[in-house]
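Here the structure comes first, spelled out in structure tokens, and everything after it is commentary.
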Amino acid sequence: MANLCPECDNPLHIDVDEVDAGEMVTCDECGMELEIVSLDPLELAPVETEGYDDEDLVRDDDEDEDA
């Protein structure tokens, strides 16, 4: 049974005998990176590649300057 890409529903044919949990695979159709989180049963999860927004990061020394 093929897993489907969560982004484009493309069938992903992954041989569980040739991969390990924690490895990354890429969807050939849309390019989404997926992590193999489980082998029995085969389970995939999208890889977070965006990081963080600078607006979400508040440094302690920035708050002290205004005081």
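All of the numbers you see were taken from the coordinates with simple rules; none came from a lab. Source: prediction; values computed, not measured. Cβ placement follows ideal geometry from the backbone for every residue including glycine, while neighbour counts extend to all protein chains displayed.
Things to note:
- Distance between the pseudo-spin-label points of Val47 and Cys8 (7 Å out from Cα toward the beta carbon): 1.7 nm.
- Under 10 Å, Cβ to Cβ, from Glu29 - net charge with Lys/Arg +1 and Asp/Glu -1: -3
- Of Pro41, Pro11, Met24, farthest towards positive along the dipole that unit charges on Lys, Arg, Asp, Glu beta carbons give region 3-49: Pro11
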